[in-house]
1. List every residue whose amide H lies under 5 Å from the amide H of V271, counting only residues 5 or more places away in sequence or on a different chain, with H placed 1.01 Å from N in the peptide plane.
2. Explain nothing, just compute: Karplus ³J(HN,Hα) = 6.51 cos²θ - 1.76 cosθ + 1.60, θ = phi - 60°, for every residue of the range 93-103 in order, whole Hz, x for Gly and Pro.
3. Normalised by the number of residues in the range 340-480, what is the relative contact order in percent for Cα pairs under 8 Å and 6+ residues apart?
4. Say the dipole of the chain comes from +1 at the beta carbon of Lys and Arg and -1 at that of Asp and Glu; which of V18, A237, V429 then lies farthest toward its positive end?
5. Just going by the charge dipole of the chain, with Lys and Arg at +1 and Asp and Glu at -1 on Cβ, which of Q302, Q59, A175 is farthest out on the positive end?
6. Got the relative contact order for the chain handy, in percent, Cα pairs under 8 Å and 6 or more residues apart?
7. Please give the charge dipole size of the range 314-455, origin at the Cα centre, charges +1 on K and R Cβ atoms and -1 on D and E Cβ atoms. Round to the nearest 20 debye.
8. Under a no-solvent Debye model with one identical scatterer per Cα of the chain, what's log10 I(q)/I(0) at q = 0.05, 0.06, 0.09, 0.12 Å⁻¹?
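The values are calculated or read from the model by the stated rules, or taken from the named source; none is laboratory data. As the structure is a prediction and not an experimental result, all values here were calculated from the model. Quick reminder, even Gly has a Cβ in these numbers, built from the backbone with ideal geometry, and neighbours come from all protein chains shown. Calculation scope for accessible area: heavy atoms of the full protein, side chains included, ligands and nucleic acids excluded. Shrake-Rupley method; radii C 1.70, N 1.55, O 1.52, S 1.80 Å.
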Amino acid sequence: MVNIVVVSHSKRLAEGVVELAAQMTHGSVKFALAAGIDDPDNPIGTDPIAVMTAIQEVQEEGDVLVMVDMGSAILSTDLALELLGEAYATRVHVCAAPLVEGTIAAAVMAASGGDIRQVIAEAHQALAAKYHQLSQDDRLTAALSPVALTEEVPPSTLTFSWRVANPAGIHARPASAIATCLNRYNADVQLVKGAQTVNGKSVNNIALLAIKRGDEVTLHASGAQAQQAIDAFALLAHDNFGDRLDAKDAALARPQRHPVGELVTATVCRVERALPTVTPRVSQSAQAELAQLAQAIEAAVQDLDALSAFTTQRLSDKEAGIFMAQRMMLEDDELYDAVAERMGQAAVQVDALWLTVIGSLAQEYQAIEDTYLRERYIDIYDVGLRVLRHLSHQPDSVVTPCHTPMAIVANILLPSEAVQLDPAWIKGVYFTDCGRNAHAAILATALGIPVFIDKPGHTRVLRHGETITFNDDSGEIHHA
């Protein structure tokens, strides 16, 4: 007998799917849900422990089919299987078929006495009736054609080349657009620049190619949906990967909202940002530590969704794209996989391993020659520290609120801090360790806050709490 577990980000969605499937099976198939998370304010998400419990609830002598919606539902299920152990996991099968149609088709076949192979096959064919009714059978054939064995029919590799015209090159937002686009297709895709080749579905790998304006990139695609992937990438390329051609100039142009040469008096607020140290604690099992990391990543993704919505409302979709790109960084499995690989089977603090992985990736960004892409190491800090705060149950990082005119002097600011600055009180920001290409500088500029890059180190002598007068156009400082 085959029973079914539905794993979804939404409890309401999962309940609706099971309600439909149960009507078809009249109680002959057992269903269990692992959907949503126990947070009234942010209920959308998945929980590995809930998935594990659901599997145990329906697993008897037969097999369990797990239907998942997307993203972290798959990650949570993988972690649940690790927690269950091999004895349980060998009878659990995770299915990539569409959640609604796949669950219903699988349930009907299971109710008919089909074995696990037949149930899975039926789930994967679940869209056939809909495609036929809409006279789109040709698209179904292209989308679901089986992958031929290499020795019988070597898959032909399709290619598309493009010379990048984006003034800022392929920075975080276009990299996010490329990864989002290519992840939609069942194809093996490799992005090539010169002698470097990376996985085209990984936003971090794409960004680390350091693709500049004028560079030629080539996409190689093979597999069932290779042509769709090539076509979609070509369309995105012709749209400059979601960027405007003047994106760099527009982002770096500081709006003249203050009269040229106006003198402003403010109190100095010094800010120093760096990766923290982790407080030692007693480690749990490797599986439990990784489960904690998965939950922290899920919570951080929800934070970024809220921050993106806030930024859209306060500024525009363009600036909100900064946080959607950060979201893609977190959803890139390579970060989690790097921690899991370092963890192995040993009981090690996952927060310490996470910090090591984030620090290493940030260093890779800092080694990039292109100044625009190099500044993205601060985004790595931002997302990494966000996950770390969830692991240690710490509040968000913010610049201390103020109700008096202030001038911030900072080595760097995190983008999530910059977007929440209040222009009514923050009269200027001096950066000592980053440039105008940093997302924090771009966001502060968009808010109308004067931004100055103090590479010569004129602000070194300024003390926290000191009162200064400065020119809000040139940044020249006059001590009070």
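1. Placed amide hydrogens put V409, A410, N411 under 5 Å from V271.
2. Values, residue by residue: 10, 8, 10, 8, 5, x, 4, 6, 4, x, 5 Hz.
3. Computed over the range 340-480, the figure is 17 percent.
4. Farthest towards the positive pole: V429.
5. A175
6. 13
7. Computed charge dipole of the range 314-455: roughly 540 debye.
8. -0.23, -0.33, -0.72, -1.15
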